[in-house]
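Before any comments, here is the structure.
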Amino acid sequence: MSLTADDKKTDAAAVSDSASPDVGSSVSASPAAPAENLTAPSPVTTTTAPKPAAPKAPGIGDKVRGGDFEFTVRSVKCGIARVGSEFLNTKAQGAFCRVSVTVKNVTKKAHSFHADGSISAQDGSGRKYEVDGEAGIYGNDDGQGFLDEINPGNSVTANVYFDVPKGTKLKMITLDAGLFTLAEDAVVAL
């Protein structure tokens with residue numbers, strides 16, 4: 001018997017038909033699926049994204065904007081009994097907390113700055129303290145911080161004093177943006 005090219009195709013088809021399972025079986029005659037499709041899908045786990053951290057409140061050394069001025073609290077020292085010289089001074093009812101602050105005019109015209117009424121402090125119990133103006137007079141050699149006219153781009157550094165009960169630690173300084181502005185007050189955490 002001679003085989004032609006057509007006969008080989010027929011014989012090969014007959015061999016593959018006899019090797020394949022019955023037509024009624026559940027196995028498909030289509031090419032085998034890749035092994036990764038045959039595995040069970042892994043369960044989907046959902047997690048809640050971590051909440052973004054609250055922005056850190058400005059602290060000592062940070063510049064904060066309050067109205068026409070940019071404020072920087074330089075340092076804080078509490079427990080001071082007396083401010084001034086040997087002959088010209090004032091004593092605290094409790095103890096003074098000295099806050100060194102730099103105030104810069106960030107507008108295009110001159111503005112007056114007065115620490116009394118512009119700066120306040122708060123302790124951990126929520127008690128609010130106002131500036132002691134007399135201590136500020138004795139505690140600043142050049143009188144800066146009290147009725148300063150600050151030109152655009154210029155700044156002054158002043159010591160501001162708060163008379164607080166002995167042992168009090170200040171937690172926050174608020175720099176008032178002013179009555180005639182819609183700007184928010186600047187708050188510095190200590």
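The values are calculated or read from the model by the stated rules, or taken from the named source; none is laboratory data. Keep in mind the model is a prediction, meaning the values are calculated, not measured. Note that each Cβ is placed from the backbone with ideal geometry, even for glycine, and that neighbours are counted across all protein chains shown. What goes into the accessible areas is simple: the full protein's heavy atoms, side chains included, and nothing from ligands, DNA or RNA. Shrake-Rupley method; radii C 1.70, N 1.55, O 1.52, S 1.80 Å.
When the residues of region 90-115 are narrowed to those that are under 24 Å from residue 59 (Cβ atoms) and not in a strand (DSSP E or B), which ends up least open to solvent (accessible area, probe 1.4 Å)?
Step by step, filter region 90-115, then rank; the result is 115.
Which of the residues that make up region 116-131 are closer than 30 Å to residue 153 by Cβ and open to solvent by less than 40 Å² (accessible area, probe 1.4 Å)?
118, 119, 120, 121, 131 - these are the residues of region 116-131 that are closer than 30 Å to residue 153 by Cβ and open to solvent by less than 40 Å² (accessible area, probe 1.4 Å).
Could you run through region 129-155 and say how many residues are in a strand (DSSP E or B) and under 17 Å from residue 67 (Cα atoms)?
Selection size over region 129-155: 4.
Would you mind stating whether residue 65 is at pLDDT below 95 and either in contact with a helix residue (DSSP H, G or I) (Cβ under 6 Å, 6 or more places away or on another chain) or open to solvent by 70 Å² or more (accessible area, probe 1.4 Å) (or both)?
Considered against the rule, which asks whether it is at pLDDT below 95 and either in contact with a helix residue (DSSP H, G or I) (Cβ under 6 Å, 6 or more places away or on another chain) or open to solvent by 70 Å² or more (accessible area, probe 1.4 Å) (or both), residue 65 comes out as yes.
Is it true that residue 74 is surrounded by fewer than 17 Cβ atoms within 10 Å (Cβ to Cβ) and assigned to a strand (DSSP E or B)? Spell out the reasoning first.
Values: surrounded by fewer than 17 Cβ atoms within 10 Å (Cβ to Cβ): yes; assigned to a strand (DSSP E or B): yes.
Criteria met by residue 74.
Of the residues that make up region 156-175, is at least one assigned to a strand (DSSP E or B) and loosely packed, with under 12 Cβ neighbours inside 10 Å?
no
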